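This report concerns only the one structure given below.
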Amino acid sequence: MSRTTPPRPVDVTAILPQLAPLARPAIRLHPRPGSPSPHDSSVGGPLLWPADEPWPHCNESHNQMDDLYEAYEVYASQDYEWHDGPNPMVPVAQLYVRDIPLLRPPGQADLLQVLWCPFEHEPDNKPPTALFWRSSTEVTGHLAAPPGPFAVEYDGYIPRPCVLAPEPITEYPNPMELSKELQQQLKDWSNWQAAGSAVDSSWAPYPDSFYDSQLSVAPGWKAGGWPPWGLTDPIACSCIACGAKMAPLLTIASKEWDSSNTGWVPYEDQALTSLDDARVANPPKVQVSRGNHLQLYVCPESPDHPHTSLIQ
């Protein structure tokens, strides 16, 4: 299985050469329903988890009345029990470096595993996450039946198992991360007219939106790249251990595209009947904070320093 993002309508660095030094590599993951094994990169699939290593749990309370009110319908339709105590975490993604080579693993590690608690916790109302780096060759026996969660706030926090089709791309910053001078140039339609017929004239009233939605940050699940700001202005993320500027690691998305950015839809999916249908645009059926994205950041100085996350 493969997925191919169409080339961007124009080479943005030919229009605005100042953007060239800001290019960043990213890898779109393109999760699609499947039956991944513990030896595959996946979203929501089984992890290559050592049989003799304790499964991670979230130790916060999961029996609050507000949660009960909001999650009633989910619990009523599933076999979860209320549990005030440690809640087994849920596999979100497993990424092998052979598939996602821009990952920067520590030491001899070649595998990143991401889990979360399927509950939004205060103060940021987002699911707490846990990252594990490991060497796959050192796992001699994996856990065949990991524990499932006792409590789930929303079914959108239980990813549907998906195989991946990693695809390298190049991204440029969200307009809000650019200098005032560059932002003004993005708003100048004459700059885009220089690209000729490649730019649809319907963008003339909103030239900066053309850059934002079609040329800068790819939607959907991805590793690396630039952050997908929009819910908030850009937020500086500094490592609490050393103060270093943290780097984007993984974007966990509530959809791969919507009506505003269908230009990013892979060729292989363009024949689907309704591109904006959530069943098509969100194969893992993940809903982060009612339709937003969760951005994970790590310290470039040390993988032992705590990671952080932001809702966008």
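Evaluating PRO146 against the criteria (1) in a helix (DSSP H, G or I); (2) within 28 Å of ARG290 (Cβ to Cβ); (3) in contact (Cβ under 8 Å) with a residue 40 or more places away in the chain leaves one unmet condition, (1).
When the helices (runs of 4 or more DSSP H) confined to region 152-258 are screened for residues that are of a type in the set (Asp, Glu), free of Cβ contacts under 8 Å to residues at least 12 places away in the same chain and in contact with a Phe, Trp or Tyr (Cβ under 7 Å, 6 or more places away or on another chain), none reaches at least 3 such residues. If the condition is being surrounded by fewer than 15 Cβ atoms within 10 Å (Cβ to Cβ) and under 24 Å from LEU29 (Cβ atoms), then region 165-188 contributes PRO168, THR170.
Quick one: which residue in ASP233, ASP258, ASP269 is of a type in the set (Asp, Glu), closer than 27 Å to ILE100 by Cα and more than 17 Å from the chain's Cα centre (by Cα)?
Unique residue meeting the criteria: ASP269.
Considering only region 135-156, I want to know if a residue exists there that is surrounded by 17 or more Cβ atoms within 10 Å (Cβ to Cβ), among the charged types (D, E, K, R), modelled with pLDDT of 95 or more and over 20 Å from PRO234 (Cβ atoms). Within region 135-156 (the criterion being surrounded by 17 or more Cβ atoms within 10 Å (Cβ to Cβ), among the charged types (D, E, K, R), modelled with pLDDT of 95 or more and over 20 Å from PRO234 (Cβ atoms)), the answer is no, since none of the residues qualifies. So, of the residues in region 44-64 that are touching a Leu at 6+ places or on another chain (Cβ under 7 Å) and among the aliphatic types (A, V, I, L, M), which turns out to be farthest from PRO123 (Cα to Cα)? Ranking the candidates gives ALA51 first. Residue count for region 85-100, restricted to those that are at pLDDT 95 or above, part of a loop (DSSP other than H, G, I, E, B) and either in contact with a strand residue (DSSP E or B) (Cβ under 8 Å, 6 or more places away or on another chain) or polar (S, T, N, Q) (or both): 3.
Looking at GLU301, is it assigned by TED's automatic domain parsing to the domain that holds LEU19, in a loop (DSSP other than H, G, I, E, B) and surrounded by 18 or more Cβ atoms within 10 Å (Cβ to Cβ)?
The answer is no for GLU301.
Among the residues making up region 101-141, a single one is assigned to a strand (DSSP E or B) and small (Gly, Ala, Ser): ALA130. Any chance region 186-203 includes a residue that's in the same structural domain as LEU16 (by TED's automatic domain parsing) and touching a strand residue (DSSP E or B) at 6+ places or on another chain (Cβ under 8 Å)? No; the residues of region 186-203 include none that is in the same structural domain as LEU16 (by TED's automatic domain parsing) and touching a strand residue (DSSP E or B) at 6+ places or on another chain (Cβ under 8 Å).
Outside the structural domain of TRP116 (by TED's automatic domain parsing), at negative phi and surrounded by fewer than 17 Cβ atoms within 10 Å (Cβ to Cβ): is that true of CYS242 in this structure?
Judged against the criteria, CYS242 is a match.
The values are calculated or read from the model by the stated rules, or taken from the named source; none is laboratory data. Values in this document were obtained by computation on a predicted structure and should not be read as measured data. As a convention, Cβ positions derive from the backbone with ideal geometry for all residues, glycine included, and neighbour counts pool all protein chains shown.
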